[in-house]
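One structure is given below, encoded as structure tokens.
Quick note: the coordinates plus some simple rules give every number you see, no bench work behind them. Only a predicted model underlies this, so the values are computations on that prediction, with no experimental measurement involved. Every residue, glycine among them, receives a Cβ derived from its backbone with ideal geometry; neighbour counts consider all protein chains shown.
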Amino acid sequence: MKITQIRNATQHLSYGGTRFLIDPMLSAKGAFPGFPGTINDDLANPLTDLPLPLDQIVDVDAVFVTHLHEDHWDSAAVDALPKDLPIIVPTDLVAEGIRGAGFTDVRVVGDGLEFNGISLVATDAVHGVEAVTQAFPPEFLHVGGAVFSHPKEKTLYLVADSVWYDKISEAIAAHSPEVIIVNCGNAQAFGMGRLIFNASDVHEVHKAAPEATLVGTHMEAVNHCVLTRSGMGTYAEQHGFGDKMLLPADGETVAL
């Protein structure tokens, strides 16, 4: 398994001989406004340039999209990706949006999907603390993750945009992942709190899976994320799991 951090939650995943592109946000730096009602919403997104040429980023076997927010699936991705490329999604609701953009090979993981010898199972996520989930309709915050498994690979859990809650601990208990991708930028909505993992949420993941390697993503690329890689790394060291926490820079590849 190799994971290349591209930008925000966008990553290349080489797994079981298949090349996946995860949550593509492919717009040029500053292409769309900051998310209204969130911290630093005067800043235009994305905050950084892509670290790789666009044609190299989209040269994959399949795409995995956790949800349809612009920092995970933007108009640049819709334009750049071939419409017949397999797009894998956790749920039917995400699939509807992808098909509506003209993609013809959209596959829903649900309770189980086989793709190129890789087994996938969808997992639940909750995109924000209670104040956030009460403020927005469920379909707006709809998101899902997945567990990837293959006979020749470590089991991988892609958590997606979430805060820590019981369904994540249940997924860890059920699947015993050896690698867990955590979206941990601590994105903040004014007056409501966090939308995704903060450092203490990541700590809960470590406590639930102390032997797993954690790969941090969704940091330093959109206006409302306030937790930096250095901040997450310092927290992990101070709380005894620095050796289990990887925080690849944009363009960096880690082998697992």
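Taking region 121-220, which GluC sites (Glu not before Pro) meet the DSSP loop condition and have no more than 15 other C-beta atoms within 10 Å? Don't skip to the answer; put the middle values down first.
Numbers: sites: E130, E139, E153, E170, E178, E204, E211, E220; in loops: E139, E153, E178, E211, E220.
Passing both the DSSP loop test and the Cβ count: E139, E211.
Quick check on the exposure proxy: order I196, I88 from fewest to most C-beta atoms within 10 angstrom. Let's see the in-between values first.
Values: I196 27, I88 24.
Least to most surrounded, the residues fall as I88, I196.
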Inset, instruction - With an 8 Å cut-off on Cα pairs and a minimum separation of 6 or more residues, tell me the relative contact order of region 2-255 in percent. - result: 20 percent
Legend entry - region 2-255: C-alpha gyration tensor shape, a/c 1.5 cut-off, then a/b vs b/c: rounded
Inset, instruction - Rank A199, A174, A146 by mean-square fluctuation in a GNM of the chain with C-alpha springs under 10 angstrom and give only the top-ranked residue. - result: A174
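Net charge within 14 Å of L120 by Cβ-Cβ distance, Lys/Arg positive one each and Asp/Glu negative one each, not counting L120 itself?
Numbers: positive: R107; negative: D61, D111, E114, E153.
Charge balance in the 14 Å sphere: -3.
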Legend entry - For the chain, built as a Gaussian network whose Cα springs stay under 10 Å, the top-fluctuating residue of P137, P24, P46: P137
Legend entry - Candidates L52, L85, L195, ranked by Gaussian network fluctuation over the chain, Cα under 10 Å, top entry: L52
Legend entry - Exposure proxy order (Cβ contacts within 10 Å, fewest to most) of K152, K207: K152, K207
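Please give me the summed charge of the neighbours of R194: other residues whose Cβ is under 14 Å from its Cβ, Lys and Arg +1, Asp and Glu -1. Don't skip to the answer; put the middle values down first.
Working: positive: none; negative: E130, D161, D201, E204.
Neighbourhood net charge equals -4.
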Inset, instruction - Among the aspartates and glutamates, select those whose C-alpha is under 14 Å from the C-alpha of K154, and discard any that sit fewer than 8 residues away in the same chain. - result: E178, E211
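Based only on other Cβ atoms within 10 Å, what is the fewest-to-most ordering of T123, T104, T133?
Values: T123 25, T104 12, T133 17.
By the 10 Å Cβ count, ascending: T104, T133, T123.
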Inset, instruction - Please give the net charge around D74, taking every other residue with its beta carbon less than 13 angstrom from that of D74, where Lys and Arg add +1 and Asp and Glu add -1. - result: -2
